[in-house]
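Asks: One structure, pasted below without further comment.
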Amino acid sequence: EKGGYDHFMLKEIYEQPQVIRDTFRGRLLSDQGLIKMAGIEDNLNKFTNAKRIIIVACGTSWHAAQVAEYMIEEFARIPVEVEYASEFRYRNPIINADDVVIAISQSGETADTLAAIKLAKEKGAFVFGVCNVVGSSISRETHAGAYTHAGPEIGVASTKAFTTQITVLALIALRLAKAKGTMSQSDYLRNLIELELIPEKVQEALLENDRILEIAHIYKDAPNCLFLGRGFNFPVALEGALKLKEISYIHAEGYPAAEMKHGPIALIDENMPVIVIAPQQNHYDKVVSNIQEIKARSGKIIALVSKGDEQVKNLADHIIEMPNSTEALTSIIATIPLQLLSYHVAVLRGTNVDQPRNLAKSVTVE
Ligand code: F6R
């Protein structure tokens, strides 16, 4: 049932090209320049008239929400707020009838997310679900929704659910951009075409597995680890850190790269591995200077770079290459090496990768 893999987590990491394709199949019609999702089409006015979108989620799904915030604001110019469901439900939040609430949940059973949805409905908001498990409580409790098509996720650490969530949320952001006329046709089409290429680019990113295993051998005994990224890759850094801590029990923190100098840089010494997501995109030069600051303090740099990058290669202790895409969609690709890194570190440390201590796959109690 693990399909020849040692763990469900590894199987699920390798399933990503397929399940990302399953998730956009029939919805992404790039040759016609169209995105079709029934749950969005049927409620398009609710979204286009929304004064703001509030996204509620927990854990990894909350990280997907953070990527969605950047995508929806950039593409569709609708203000977005991302909330931990557990905070949202208890802080007497302001929710209006012209707000749209999106709830993201792999299991569709997370107690806090479910409670946040009920609260938003009581206040008259339209609630849209992004779930993986068909017929789950959250999919039933929401007014409309769009499923991810990740298939069953058995490993407790979420992998393919996250990348398929970003896929669905990218489709939504692009559909709303088209409806609102907030994106140039060429940018819109480029993103459609690039989204269609994501499965093969994820496949290509998986080819770095051996190199990642070597890096895992070197750092498996590190007590701490930092993950840095900017823009769309800031939530990817958070997700990389969460993955490492939950399955390897190494203390890890994700940060926006520029926040380093506001505190975490004090932690840097020759024993601190720092994983930096540094694709050749908008913030490239700024990330390069962040890398130089870490090097100057003897930190060990593991950099995720665009294929063929030379500048970071000369600075970093290790590089992991990945294909480029649009800035937004590169977040999906950059997730892959971080999943593999935490997987290999955990296996080398002998932890129970598929069922880490103290964790449950569905958190049905608050
Ligand atoms: C992390 C992880 C958890 C879940 C969180 C939300 O790998 O699995 O952080 O993401 O418990 O679960 P769902 O998405 O089912 O609501």
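Asks: Could you say whether any residue in region 170-185 is of a type in the set (S, T, N, Q), within 19 Å of A76 (Cα to Cα), open to solvent by 10 Å² or more (accessible area, probe 1.4 Å) and not in a loop (DSSP other than H, G, I, E, B)?
Replies: yes
Asks: I've got another one for you. Give region 26-60 a look and list any residue that's open to solvent by 20 Å² or more (accessible area, probe 1.4 Å), within 16 Å of the ligand (Cβ to nearest atom) and in contact with a helix residue (DSSP H, G or I) (Cβ under 6 Å, 6 or more places away or on another chain), or say none.
Replies: Of all residues in region 26-60, those open to solvent by 20 Å² or more (accessible area, probe 1.4 Å) come to 26-27, 29-32, 34, 36, 38, 41-46, 48-49, 51-52, 58-59.
Imposing the further condition that a residue be within 16 Å of the ligand (Cβ to nearest atom) reduces the set to 58-59.
The one that is open to solvent by 20 Å² or more (accessible area, probe 1.4 Å), within 16 Å of the ligand (Cβ to nearest atom) and in contact with a helix residue (DSSP H, G or I) (Cβ under 6 Å, 6 or more places away or on another chain): C58.
Asks: Please state which one of G135, G145 is out of contact with any Asp or Glu (no Cβ under 8 Å at 6 or more places or on another chain), open to solvent by 30 Å² or more (accessible area, probe 1.4 Å), closer than 26 Å to R77 by Cβ and within 15 Å of the ligand (Cβ to nearest atom).
Replies: So the residue among G135, G145 that is out of contact with any Asp or Glu (no Cβ under 8 Å at 6 or more places or on another chain), open to solvent by 30 Å² or more (accessible area, probe 1.4 Å), closer than 26 Å to R77 by Cβ and within 15 Å of the ligand (Cβ to nearest atom) is G145.
Asks: While we're here: Please count how many residues of region 148-158 are β-branched (V, I, T) and either under 14 Å from A103 (Cα atoms) or within 8 Å of the ligand (Cβ to nearest atom) (or both).
Replies: 2
Asks: Please find, among T23, T110, the residue that is at pLDDT 95 or above, of a type in the set (V, I, T), within 21 Å of the chain's Cα centre (by Cα) and within 13 Å of the ligand (Cβ to nearest atom). Full working, then the answer.
Replies: On the way: T23 fails: within 13 Å of the ligand (Cβ to nearest atom).
That would be T110, the only listed residue that is at pLDDT 95 or above, of a type in the set (V, I, T), within 21 Å of the chain's Cα centre (by Cα) and within 13 Å of the ligand (Cβ to nearest atom).
Asks: So the check is Cβ under 7 Å with 6+ separation or different chains; which pairs have a first residue in region 9-30 that's over 28 Å from L189 (Cβ atoms) and a second one that's of a type in the set (A, V, I, L, M) and open to solvent by less than 10 Å² (accessible area, probe 1.4 Å)?
Replies: Close Cβ pairs satisfying both conditions: M9/A157; M9/V353; I13/L340; Y14/L206.
Asks: If you don't mind, there's one more thing I want to ask. Could you tell me which numbered condition G350 fails, if it satisfies all but one of (1) more than 14 Å from the ligand (Cβ to nearest atom); (2) among the small types (G, A, S); (3) touching a residue at least 12 places away in the same chain (Cβ under 8 Å)?
Replies: G350 satisfies every listed condition except (3).
Asks: Right, here's the next one. Could you grab me the full set of residues in region 96-106 that are open to solvent by 10 Å² or more (accessible area, probe 1.4 Å) and near the ligand (Cβ under 9 Å from one of its atoms)?
Replies: Within region 96-106, Q106 is the sole residue that qualifies.
Asks: Among the residues of region 277-325, write down those that are open to solvent by less than 40 Å² (accessible area, probe 1.4 Å), in contact with a strand residue (DSSP E or B) (Cβ under 9 Å, 6 or more places away or on another chain) and part of a loop (DSSP other than H, G, I, E, B).
Replies: Passing the criteria: P279, Q281, G299, D309, A316, P323.
Asks: I've got another one for you. Quick check on Y219: is it in contact (Cβ under 8 Å) with a residue 40 or more places away in the chain, of a type in the set (S, T, Y) and touching a strand residue (DSSP E or B) at 6+ places or on another chain (Cβ under 8 Å)?
Replies: yes
Asks: Taking region 222-255, which residues are out of contact with any strand residue (DSSP E or B) (no Cβ under 7 Å at 6 or more places or on another chain) and either open to solvent by 10 Å² or more (accessible area, probe 1.4 Å) or free of Cβ contacts under 8 Å to residues at least 40 places away in the same chain (or both)?
Replies: If the condition is that a residue be out of contact with any strand residue (DSSP E or B) (no Cβ under 7 Å at 6 or more places or on another chain) and either open to solvent by 10 Å² or more (accessible area, probe 1.4 Å) or free of Cβ contacts under 8 Å to residues at least 40 places away in the same chain (or both), then G231, F232, L242, E246, Y249 are the ones that fit.
Asks: Continuing with the same structure: Assess whether I250 counts as being away from the ligand (no atom under 16 Å from the Cβ) and in contact with a Lys or Arg (Cβ under 9 Å, 6 or more places away or on another chain).
Replies: No; evaluated as a whole, the condition is false for this residue.
The values are calculated or read from the model by the stated rules, or taken from the named source; none is laboratory data. Computed from a predicted structure; not experimentally measured. Glycine gets a Cβ as well: all are built from the backbone with ideal geometry, and neighbour counts include every protein chain shown. Accessible surface is based on the protein model in full, side chains and every heavy atom, while ligands, DNA and RNA are left aside. Shrake-Rupley method; radii C 1.70, N 1.55, O 1.52, S 1.80 Å.
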